[in-house]
Amino acid sequence: MLLGAIADDLTGATDLALMLSREGMRTIQTVGVPSPAFDPGNVDAVVVALKSRTNPASEAVAMALDAFAWLKAAGAQQFIFKYCSTFDSTAEGNIGPVSDALVKELGTDLTIVCPAFPANGRTIYKGHLFVGDQLLSESPMRNHPLTPMTDSSLVRLMAAQSKMKVGLVAHDVVARGADTIRQAFANARARGEQALIIDALSDQDLRAIGEAAAELPLITGGSGIAIGLPENFRRRGLLSSRAGVVHFPSPPGRAAILAGSCSEATRAQIKAVISAGQPALKLDPIDIANGRIAVDKVVEWAIAQDKHTPLIYSSADPQEVRAAQEVLGRQKAGELVEDFLAKTATELRLKGVRRLIVAGGETSGAVVGALKPSALYIGPEIDPGVPWTLTMGDEQPMALALKSGNFGAPDFFIKAWELLK
Ligand code: ADP
């Protein structure tokens, strides 16, 4: 194995695994830290998907160190810590504390911090993170149910979370290419900076940063930062393969959609399903808390839709989310919905569902945590950052599309099935 990656949520892990696959690395994604006996097969990269984004920092650090130990024992030569391209984190972390711990474990003195993902509109300029045309703090991320982002300065955000001295490599340096970036790393080292935010506006910038980062033991960022890394191994003659995406036949059986993301993109995708006349059932967290709605009734409804693909969703606008959180608490509301959707997924599988779209990072983590596949193969890409995946080691494999809430075009829930034909 060449690259070992630790991702703080499941859809982020899939997004990264897709990026590495597309760039020619044979990549699989595991769900949680594999057992010591797990054999990933003949692969160039393994992405360990954690569900640690909103855990207390000490728990997130312990999980990341476990994953690191497994990847190191499996032979990984370079490591990536993958988080969201919108730097989703709580006030305490966990991006800073996990980066600190991995830097210490690797005995290195420098890492980079680069969540840019230009294909999805996430760019960094003068250390400020943009989502499309908006600063992060003015984007819909300011209303996220679990990790509202109200500052756009990555330098400030990282400095608040991390014990490392934070620096910035600005775009005028990045634009001059890999050698200049490497020189900037050396200058930063001399100033005692350990965590470098790096501007990136395009894939070309990310490829140059990737090339400059060839010798860094740890790279942190979004999936975009991985775009230039496979080429480093190819240059050293360690990677010969080109195509890493697995093509698999559609598993026979029923299909369903579960959405727990309240992001704008997901809400638009739900609207499109409803406008197309497809069956949709909305869950209210307060009904779940009061036991007014039960998993078996929801599954019964889904199965009764027969030839139509049912959509079950809790997604709500910021006002509704706030109202539910006032009654239940932010964390509790999230957990109730995640748990309900995870149980629904397990029951749907028992009823023969074999193709499932899940919207939401935390939601996908909960659902896949309940379905418990040992690992996932990465299949064809539906929209930037979201591939179909296939569960590994199952007698009756399931095709899963795990969508980060903010990803995908409005017709995502409608067109995704075409790729499985
Ligand atoms: P995204 O990928 O958009 O960030 P996530 O699944 O990661 O989506 O996060 C959404 C969170 O919001 C989850 O914890 C989910 O359970 C919670 N949630 C979903 N619906 C509601 C709702 N109606 N009210 C409050 N919280 C909700």
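Using the Karplus curve 6.51 cos²θ - 1.76 cosθ + 1.60 with θ = phi - 60°, work out ³J(HN,Hα) for each residue of segment 31-44 in order, rounded to whole Hz, and write x for Gly and Pro.
Listing the rounded values in order: 9, x, 6, x, 6, x, 7, 5, 9, x, x, 8, 10, 9 Hz.
Report the longest stretch of the chain that contains none of the GluC sites (Glu not before Pro) sitting in a DSSP loop with at most 11 other Cβ atoms within 10 Å.
1-214
For the chain, calculate the relative contact order in percent as a whole number, restricting contacts to Cα pairs under 8 Å that are 6 or more residues apart.
19
Restricting to segment 3-235, what percent of DSSP beta bridges are antiparallel, rounded to 5?
Restricted to segment 3-235, the bridges split so that about 25 percent are antiparallel.
Using only the Cα atoms of segment 3-235, what do you get for the radius of gyration and for Dmax, in Å?
According to the Cα coordinates of segment 3-235, Rg and Dmax are 16.0, 47 Å.
Just to be sure I understand the curve: with the Debye formula and one point per C-alpha of segment 37-97, what is log10 I(q)/I(0) at q = 0.16 Å⁻¹?
With one equal scatterer per Cα and no solvent, log10 I(q)/I(0) is -0.56.
Quick check: pseudo-label points 7 Å beyond the Cα along Cα→Cβ at GLU231 and THR150, how many nm apart are they?
Each label point is offset 7 Å from its Cα along the Cβ direction, giving 4.1 nm.
If you restrict to DSSP beta bridges whose two residues both lie in the chain, what percentage is antiparallel, to the nearest 5?
The antiparallel fraction comes to roughly 30 percent.
Can you sort LYS415, LYS104, LYS282, LYS403 by 1.4 Å-probe accessible area, starting with the largest?
Highest to lowest solvent-accessible surface, that is LYS104, LYS282, LYS415, LYS403.
When you have a sec, figure out the Kirkwood radius of segment 265-421 from all distinct Cα pair distances and drop it here in Å to one decimal?
It works out to 16.1 Å.
Mean residue ellipticity at 222 nm from the helices of the chain, using -39,500 (n - 2.57) per DSSP H segment of n ≥ 4 over the full residue count, to the nearest 500 deg cm²/dmol?
It lands at -11000 deg cm²/dmol.
Among DSSP beta bridges whose residues both lie in segment 254-420, state the antiparallel percentage, nearest 5.
Of all bridge pairs located within segment 254-420, approximately 35 percent are antiparallel.
Could you state the number of Å between the C-alpha centres of segment 138-192 and segment 204-264?
Segment 204-264 and segment 138-192 have Cα centres spaced 21 Å from each other.
With a point put 7 Å past each Cα toward its Cβ, work out how far ASP172 is from SER35 in nm, to one decimal.
Here the modelled spin labels are 5.7 nm apart.
Output the relative contact order of segment 180-292, whole-number percent, from Cα pairs under 8 angstrom with separation of 6+ residues.
Relative contact order of segment 180-292: 15 percent.
Relative contact order of segment 47-124, please, whole-number percent, based on alpha carbon pairs below 8 angstrom and at least 6 residues apart.
Dividing the mean separation by the residue count of segment 47-124 yields 33 percent.
Determine Rg/Rh for the chain; Rg is computed over alpha-carbon atoms and Rh is the Kirkwood hydrodynamic estimate from the same atoms.
So for the chain, dividing Rg by the Kirkwood Rh gives 0.96.
Run the simple label-point estimate for ASP109 and ASP203 please: 7 Å along Cα→C-beta, distance reported in nm.
Here the answer is 3.6 nm between the modelled labels.
Could you sort out which of LYS104/LYS163; LYS51/LYS351; LYS351/LYS415; LYS72/LYS165; LYS104/LYS165; LYS282/LYS421 sit more than 19 Å apart by Cα distance in this structure?
Pairs exceeding the cut-off: LYS51/LYS351; LYS351/LYS415; LYS72/LYS165; LYS282/LYS421.
The values are calculated or read from the model by the stated rules, or taken from the named source; none is laboratory data. None of the values given here were measured: they were computed from a predicted structure. Glycine also receives a Cβ, built like all others from the backbone with ideal geometry; neighbour counts cover every protein chain displayed. What goes into the accessible areas is simple: the full protein's heavy atoms, side chains included, and nothing from ligands, DNA or RNA. Shrake-Rupley method; radii C 1.70, N 1.55, O 1.52, S 1.80 Å.
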